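Read the figures in this text as sums done on the coordinates, not as results from a lab. Every value quoted in this text rests on a predicted model; they were computed, and no experiment measured them. Here the Cβ is made from the backbone with ideal geometry for all residues, glycine too, and neighbour counts use every protein chain on show.
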2 protein chains.
Amino acid sequence: MGRPRTPLLDRRRIGAAALKLADEQGTLSIPALARSLGVAPSALYHHVSGRDEIIALMREELTLTAGLRPARSRPWEQALADWARSYRDAFAAHPGAVPLLAVAPLAEPFMHAMYEHVAGLLLDAGFVETHVRPAITALESFILGSALDLVAPSVMLPGVDRETAPRLSAVLERVPVDHDRAERAFEFGLNALLTGFRALLDDQSADGARGAE
Amino acid sequence: MGRPRTPLLDRRRIGAAALKLADEQGTLSIPALARSLGVAPSALYHHVSGRDEIIALMREELTLTAGLRPARSRPWEQALADWARSYRDAFAAHPGAVPLLAVAPLAEPFMHAMYEHVAGLLLDAGFVETHVRPAITALESFILGSALDLVAPSVMLPGVDRETAPRLSAVLERVPVDHDRAERAFEFGLNALLTGFRALLDDQSADGARGAE
């Protein structure tokens, strides 16, 4: 209504359209992206150098929308948990794009800035340098998987038979079937992961104390 | 070479072809599946009732290939870790199918049999019934995310600048860039998750002991 049929392209619009397309189709092709924006592929190339840059714009859109930067002032577990929740929510809004974004290298300075914050958080908490990278990656894997689970139906195991699967049936009967299923699993896993991280830190301190004796 | 152009359909072949297609295209359409099998869509419907059944066949193919059933004889942490590793490897072979399979309800008896085993493992370990479902889901989310990470490049953070991201640079310099990056992150996270699960069990026992005093 009153908007031009072919609005002016800008990088933010390209990122948003690419995210929508990847989310719906599970893949990203430049001709399809150009079509969805109502422009010729050549017009896209006035704004982006190619596929890698489009993926960077998708990530920028996702990250800027969610404001994915952990707070530094809180206890590290809480800051990391808050970051994990925002991160999961951002990806849950675009589940189809998860595999694409999960395997594309993160070359963008704004992503490096986010990881700089997270790395600082873990180093300040006392993690040794060699543990920081695996800890972040493990947490991200859990976050991405949880984002997919958040868009799954609340009844993921229909028709379990009490005769052939009695223990599974008993377990399922104890858990309410509602929209909080994925939320509870996420919080349960996040708590377990952070407890595991904390235990590792405590072991390190104990080792350090023994080493100093 | 010598094979018929239109081989006979069977359910196992349909599952394998659907898995390949979803993996490559991120989605599954019946016309595309029929094309990839060299048959008319109507021929497919002689074997399957529709999309849900095809997804069940994909899952059967993945699960049967990987033999996803945890051992019951070992300590539960080890049995669960072995199951998680096989599960991750099975999904890592078909990363594009992950979002599709992650959100499709699991109505198949062979999947219920697998979850019956895992639920039994956790119940025997001492988990309370209400924790079993969230524990399995959290572990699965971590597994699915890790499967995606396993197919990501070993250099996921190229070009980090030492001036603007000094702590991230320091962390990255301490970690070798090789194919084991994702493997190390998975084992780190799996260990943290299982440590967190173990801590929860210990807390339960402590609560139980206090309750009995």
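Once a ≥ b ≥ c are taken as the square roots of the eigenvalues of the Cα gyration tensor of the protein assembly as shown, is the result rounded (a/c under 1.5), prolate (a/b larger than b/c) or oblate (a/b not larger than b/c)? The shape class here is oblate. Across chain B, the mean sequence separation of Cα contacts (distance under 8 Å, 6 or more residues apart), normalised by length, yields a relative contact order of 18 percent. Residues of the stretch A:77-105 falling in the label zone of B:T65, defined by backbone nitrogen less than 20 Å from a point 7 Å along Cα to beta-carbon, are A:99-100, A:103. A straight line joining the Cα centroids of the stretch A:183-209 and the stretch A:118-168 runs 13 Å. A simple spin-label model places the labels of A:A170 and B:F110 2.7 nm from each other, with each point 7 Å out along Cα-to-Cβ. Modelled spin-label separation between A:A209 and B:S42, with each label point placed 7 Å from Cα along the Cα-to-Cβ direction: 7.8 nm.
Computed over chain A with a Gaussian network model linking Cα atoms closer than 10 Å, the most mobile of A:G145, A:G50, A:G15 is A:G50. Placing a label point 7 Å from the Cα of A:D178 along the Cα-to-Cβ direction, the distances to the matching points in the other copies come to 5.0 nm, shortest first. Helices meeting the span-like rule in chain A (full DSSP H runs, Cα extent of at least 20 Å along the helix axis, mean Kyte-Doolittle score of -1.0 or higher): A:11-25, A:51-66, A:76-92, A:109-125, A:129-150, A:181-212. Distances from A:S86 to itself in the other copies, using label points 7 Å out along the Cα-Cβ axis, amount to 4.1 nm in increasing order. Secondary-structure-derived ellipticity at 222 nm for chain A, considering helices only, amounts to -22000 deg cm²/dmol, per-run term -39500 (n - 2.57) for DSSP H runs with n ≥ 4. If the Kirkwood radius is taken over C-alpha pairs of chain B, then at 4 °C and 1.567 mPa s the Stokes-Einstein diffusion coefficient equals 65 µm²/s. The alpha-carbon atoms of the stretch B:122-213, seen along their principal axes, cover 58, 26, 18 angstrom, with the largest extent given first.
Here the chain A residue lying nearest the rotation axis onto B, judged by its C-beta and given with the distance in whole angstrom, is A:G26, 1. Sorted from shortest to longest, the distances between the B:R74 label points of this copy and the other copies are 3.6 nm, with each point 7 Å from Cα along the line through the beta carbon. Computing FRET efficiency as 1/(1 + (r/R0)^6) for A:R162 and B:D180, where r is the C-beta to C-beta distance and R0 is 45 Å, gives about 0.55.
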